[in-house]
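The values are calculated or read from the model by the stated rules, or taken from the named source; none is laboratory data. No experiment lies behind these values; they were computed from the predicted model shown. Every residue, glycine as well, gets a Cβ built from its backbone with ideal geometry; the counts of neighbours run over all protein chains shown. Just the protein is used for accessible areas: all its heavy atoms, side chains included, with ligands, DNA and RNA removed. Shrake-Rupley method; radii C 1.70, N 1.55, O 1.52, S 1.80 Å.
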Amino acid sequence: MAHVKRVRNPPLFLQQFAQVQVRRVQRFKSPEQAQRFLSAFEPIRGHFHPKQHELSAKRYREQVHQRFENWQEITCLKVVA
C-alpha cells in the first residue's frame, strides 16, 4: 500500500470544528438547557478523566480504578460478580 501524504488545511479544520460545536449545541432546546447539562456534566467528566498526560500509565490506571470505586460508593452501586 502506498503511503498517502496527509494535507493539512488549518482553516478547513477550524471550520469543521466549529460545525461540530454548532451541532452539539443544537441538540439542546435552549441555551439554558445546554448550560444546565454542562454544569452537571463537567464535574463528573473531570472525576473520570484524570490528566493522563501528567501521569505514568500505572498511576493513571490506579487513579481511574480508585475513582470508579469512589463513584460506586457515592452512588450506592454494588458490583455483581
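Quick notes on this one:
- Per-region count, the stretch 26-46, residues open to solvent by 70 Å² or more (accessible area, probe 1.4 Å) and outside any helix (DSSP H, G or I): 2
- Residue in the stretch 57-69 that is out of contact with any strand residue (DSSP E or B) (no Cβ under 6 Å at 6 or more places or on another chain) and part of a loop (DSSP other than H, G, I, E, B) present: no
- GLN52 among the polar types (S, T, N, Q) and within 19 Å of the chain's Cα centre (by Cα): yes
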